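To start, the structure under review is shown below, and the notes come after it.
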Amino acid sequence: MEEKIIERAVNQFGTPIYLYSMNTIIEKIAILKNCLFTKSRLYYSVKANPLIAICQIVKNYGCGVEVSSIGELIIVTNAGILPKDIIFTGPGKTKEEIAFAVKNKIKLINIESIYEAELINRLAAKEGSVMPVSLRLNPANIQNHAKIKMAGVSSQFGIEEELLNKDFFEEISDMENIELKGIQVYMGTQILNAKEILYNTEYIIKTALKLSKSYGFKLEYLNLGGGFGIPYFKNEEPFNLFALKQGMTELEKKYGSELARTEIIFESGRFL
């Protein structure tokens, strides 16, 4: 950001002040999109910064949004983002939050447990609607050196892979007011190793395809998460975008035909 822009803002508004560069955000969106599957869509994790102007920028440049609270859901709605471009995720969703999401007919709710699925089913029944949902999977065998881990160990995030069995999917299929449409995985945040993300991405693809075939649900959406890190400290190297692009190109060639009818989603917050 140019010094004169900073000086002008300080003179106009005083300090302390937060300044964000629209051009940098737009550039980061283009860079990351170029490194991912060609047919994938990028979603902005609003928790990284819920400023309404930033939400409007990502919307204008083709991104959907991922929210984790009713406050974020209200912000993105006020930013002009359409319900079909909103995904709701995160543990501990309240009854009021789920009811708001169901009433507003957002794209997907990522469910964290069978109990949450039951609650969504009841609230959707009250609205006389069918709510699309995606399973937040906590995979068993991933590489995880994220600064904040959200998968790979027992945690409040998602459903353990070993619990996704015949009984689980039969219970889901018996719920008339939800429709299982996909799988979501989020390994963690601040991952600076491209090889780790590529390894985990392939593991998630294989696991999602296996679950879809074994238990007979259409894999309409596959949310591969993100976790793309940025260097904060002197000893941290920037994320290797070239390695990410090469690896994602190979994975798309390898699994493209099996995922031809699946919408691929990636998420990013602080990187953007």
**Item:** Exclusive hit being charged (D, E, K, R), under 23 Å from Ile98 (Cβ atoms) and either in contact with a strand residue (DSSP E or B) (Cβ under 6 Å, 6 or more places away or on another chain) or not in a helix (DSSP H, G or I) (or both), set Glu66, Glu72
**Value:** Glu66
**Message:** Would you confirm, using the coordinates I've provided, whether Gly247 is over 15 Å from Asn110 (Cα atoms), touching a Ser or Thr at 6+ places or on another chain (Cβ under 7 Å) and not hydroxyl-bearing (Ser, Thr, Tyr)?
**Reply:** no
**Single match in Thr189, Thr201, Thr249, Thr262 (criterion: without any contact (Cβ under 8 Å) to a residue 60 or more places away in the chain, open to solvent by 10 Å² or more (accessible area, probe 1.4 Å) and either β-branched (Val, Ile, Thr) or within 18 Å of Leu137 (Cα to Cα) (or both))** = Thr249
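Residues of region 175-202 being farther than 14 Å from Gly227 by Cβ and part of a helix (DSSP H, G or I), which ones?
Filtering region 175-202 down to residues farther than 14 Å from Gly227 by Cβ leaves 175-183, 202.
Residue satisfying the conditions is Glu202 alone.
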**Which listed residue is more than 17 Å from Asn138 (Cβ to Cβ) and surrounded by fewer than 20 Cβ atoms within 10 Å (Cβ to Cβ), from Lys213, Lys206** = Lys213
**Request:** Restricting attention to region 1-48, report how many residues are surrounded by 12 or more Cβ atoms within 10 Å (Cβ to Cβ) and on the phi > 0 side of the Ramachandran plot.
**Result:** 0
**Asked** Is there a residue being closer than 26 Å to Thr262 by Cα, free of Cβ contacts under 8 Å to residues at least 12 places away in the same chain and of a type outside the set (A, V, I, L, M) anywhere in region 62-78?
**Response** no
**Request:** Please work out if Ala117 is open to solvent by less than 10 Å² (accessible area, probe 1.4 Å), closer than 28 Å to Lys206 by Cα and modelled with pLDDT of 90 or more.
**Result:** yes
**Complete:** All-but-one check, Ile81 against (1) hydrophobic (A, V, I, L, M, F, W, C); (2) under 18 Å from the mean Cα position of the chain (by Cα); (3) not in a loop (DSSP other than H, G, I, E, B), failing number (3)
**Item:** Pairs, first free of Cβ contacts under 8 Å to residues at least 24 places away in the same chain in region 84-111, second in a strand (DSSP E or B), C-beta under 6 Å, six or more apart
**Value:** Ile86/Val65; Phe88/Val67; Phe88/Ile109
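The values are calculated or read from the model by the stated rules, or taken from the named source; none is laboratory data. Fair warning: this is a prediction, and the values are worked out from it, not measured in the lab. Every residue, glycine as well, gets a Cβ built from its backbone with ideal geometry; the counts of neighbours run over all protein chains shown. For the accessible areas, the whole protein counts, side chains as well, though only heavy atoms, and no ligand, DNA or RNA atoms are used. Shrake-Rupley method; radii C 1.70, N 1.55, O 1.52, S 1.80 Å.
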